[in-house]
1. At 0.36 nm per residue, and after removing the present C-alpha to C-alpha distance, how many nm does the segment from H134 to V81 gain when stretched out fully?
2. Projecting each Cα onto the charge dipole of the chain (Lys/Arg +1, Asp/Glu -1 at the beta carbon, about the Cα centre), which of P178, V298, G45 comes out farthest on the positive side?
3. List, in order, the whole-Hz ³J(HN,Hα) value for each residue of segment 199-212 obtained from phi through the Karplus relation with A = 6.51, B = -1.76, C = 1.60 and θ = phi - 60°; use x for Gly and Pro.
4. What is the helix-to-structure angle for 284-293, meaning the angle in degrees between its Cα long axis and the longest Cα principal axis of the chain, kept from 0 to 90 and rounded to the nearest 10?
5. Which value, in debye to the nearest 20, gives the size of the charge dipole of the chain about its Cα centre, when Lys and Arg are +1 and Asp and Glu are -1 at the Cβ?
6. Note the listed values (1) 16.9; (2) 15.5; (3) 22.4, then indicate which one is mean projected area of the Cα convex hull in nm² calculated from this particular structure.
7. Pick from T110, T270, T61: which is most flexible by mean-square fluctuation in a GNM of the chain where alpha carbon atoms under 10 Å apart are linked?
8. Across the chain, where is the longest run that never hits chymotrypsin sites (Phe, Trp or Tyr not before Pro) in a DSSP loop with at most 13 other C-beta atoms within 10 Å?
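A short reminder: the numbers here are calculations on the coordinates, not readings from a lab. Model, not experiment: these values are computed from the prediction. All Cβ positions, glycine included, derive from the backbone under ideal geometry; neighbour counts span all protein chains shown.
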Amino acid sequence: MTALAAVTDETADAATTYAIRTVGLTRRFGSHVAVNEVGLQVPRGAIYGFLGPNGSGKTTTIRLLLGLMTAHAGSIELLGVPMPSGAGQVLARVGTLIEGPAFHPYLTGTQNLRRLDAFDPTTDPRTSSRRIAHAIERVGLTSAAAKNYRRYSLGMKQRLGLAAALLRPRDVLVLDEPTNGLDPQGTREVRTLVRELAADGTTVLVSSHLLAEIEQVATHVGIMSAGRLLRQGELSDVLGAAASRVRIDTPDVAGASRLLAEIGCRVEETAPDHLVAAMDGRPPERINEHLVRGGIAVRGLRVERAGLEDFFVELTGEGFDVVR
């Protein structure tokens, strides 16, 4: 096989494997690098949590993916089609909700969706009413469909934006902060909707700074900070790489701390009746054995797995209140 053929086969495999793929994606605003050589790999059929604090480059990356902004370097493939040159070919298969929806304030929810649908040359006008009613029902907005948009709450506006993205079947759905303004019940409904869409074969990219929420629904994650993609992959693999900690209940905290130091476990917290230490890859049974053999009375030992937010802090040393 020639080198050219090998490259061609690799490109074809990537097109069938990934719904969204970027290589070296870069965008600058003056001297500020907002997106810095990002290499997204979003598998087809995945729920991909695109995570990071506000200002980390998530929305700019999404705008680049959809051809709403021009990259200064790198390449983009959306459903195997190069972007932005292939926008006309592929964007009809992509539903989006970006930075809050905008609708005509003096039209009802249904009327706004009817106008949007009429402007889409790829839809069948004969099925418009049925599709609009179905989209409104899926986002829980049926009771407000006849209200003027200007009377909608922030959460209702988000729901209408989701309905707009669902007016026709989509191969990819890109949602930027879809639970913004929603109450807990609305957030749960969006979570259920995302799972249902993925079960039907839609690839869903959800951009959010709410890590605990994404952790409940995502199959894959990518973590952004200061324009860089720090880590991505299956959720279980990403969290598996996070440092786990162990809580040890004992009356001899000082003695336990000394023995843990002997095997390289860093003690992070202490209290009169317990301590918390980084496991640093050591199995809990070995830690327990070492303590007991050293004469430490272990009343309890519990492994504390890191969540996404813990892992983000571990990667960057920052919390999610950071604004750049």
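1. Length gained, H134 through V81: 16.1 nm.
2. P178
3. Going residue by residue, I get 5, 7, x, 7, 7, 10, 9, 10, 8, 7, 9, 9, 5, 4 Hz, with x marking Gly and Pro.
4. Between the helix axis and the principal axis of the chain, the angle is about 10 degrees.
5. Its charge dipole is roughly 1280 debye.
6. Given (1) 16.9; (2) 15.5; (3) 22.4, the calculated one carries the label (3).
7. Of the options given, T270 has the highest mean-square fluctuation.
8. Formally, the longest exposed-site-free interval is 120-324.
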